[in-house]
């Protein structure tokens, strides 16, 4: 590298060839130099373009994940309102009953005991509301990927709390077959909760017209406890024959127009891929759908790859 008259760097490629004598000794060297400044500038420009494109893709992906979250929350909104409204109505009734006790001229021990019982019930219902709102806020926040070790069973319970009223009002019974003492998984709790939200939401929609409504969630250890298996199975209508191979493609949907844009399962696929895991779907005609996921105990942050499916990039 050298500077030209304008103090701009000039790049030179230098190649040296030896000239050999008959006796096997080097007689001299031939030096060939070539100005590669333009090539170097083009390469630097290309690197910057790739970095900028990568940054834009990352931002687009983060927005896509957050929009998918908001879509999930939108589906939950009416059921969450009912879930919060019930304890609020109960608390209001308990407050009115408590006021009646306090208005009495004389308050004996029995009335005090009843009053304390009302307070305990109000505390329980208030904590219930707090738990629902807290789970919603945690799920809704727009956060960066944070890799932590966590229990998949705990994550399932948190997600079921968020979906409890949605499942209840649609008459869906939950069957949990969770293996105890599972190995901890290393990954993003926030993103894997989004996977569960999407799969549960799809299962609910598929069972709206079913006579039998069971949602089975199963966890188990695999490969000498170096990995865990997760299955989510419904008794819905299943996936139309011939479309199973396309369900993870972006913008592919079997829903009616206006009911979805077909990003939910592509986001699920991307997140599982990002975590070095695998996801499969089994949907025999008329027998419901089962999503099977494998997650590994260890995840190298350096090997983490973009969770945008190839067909989006």
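Take 277-284, 229-236 and order them by the average number of nearby Cβ atoms within 10 Å per residue, most first; the result is 229-236, 277-284.
A full extension of the chain between residue 221 and residue 96 corresponds to an added length of 39.9 nm, given 0.36 nm per residue minus the alpha carbon distance.
Packing order of peptides 184-193, 147-156, 96-105, highest average first: 184-193, 147-156, 96-105 (average count of other Cβ atoms within 10 Å over each peptide's residues).
Quick one: if the Förster radius is 41 Å, what FRET efficiency do residue 121 and residue 214 give, using the C-beta to C-beta distance and rounding to 0.05?
On the way: r = 32 Å, r/R0 = 0.79.
Efficiency at R0 = 41 Å is approximately 0.80.
With a simple spin-label model that places each label point 7 Å from the Cα along the Cα-to-Cβ direction, the separation between residue 178 and residue 50 comes to 4.4 nm.
Take each of the peptides 199-205, 13-19, average the number of other beta-carbon atoms within 10 Å over its residues, and list them starting from the highest.
Details: 199-205: 21.7, 13-19: 9.7.
Peptide ranking by packing, descending: 199-205, 13-19.
Computed from the C-beta positions of residue 39 and residue 4 and an R0 of 25 Å, the FRET efficiency is 0.95 to the nearest 0.05.
Each part reduced to its alpha carbon centroid, the range 1-29 and the range 191-231 end up 65 Å apart.
Here, each number is a calculation from the coordinates, and none is a lab measurement. All values reported here derive from a predicted model rather than from experimental measurement. All Cβ positions, glycine included, derive from the backbone under ideal geometry; neighbour counts span all protein chains shown.
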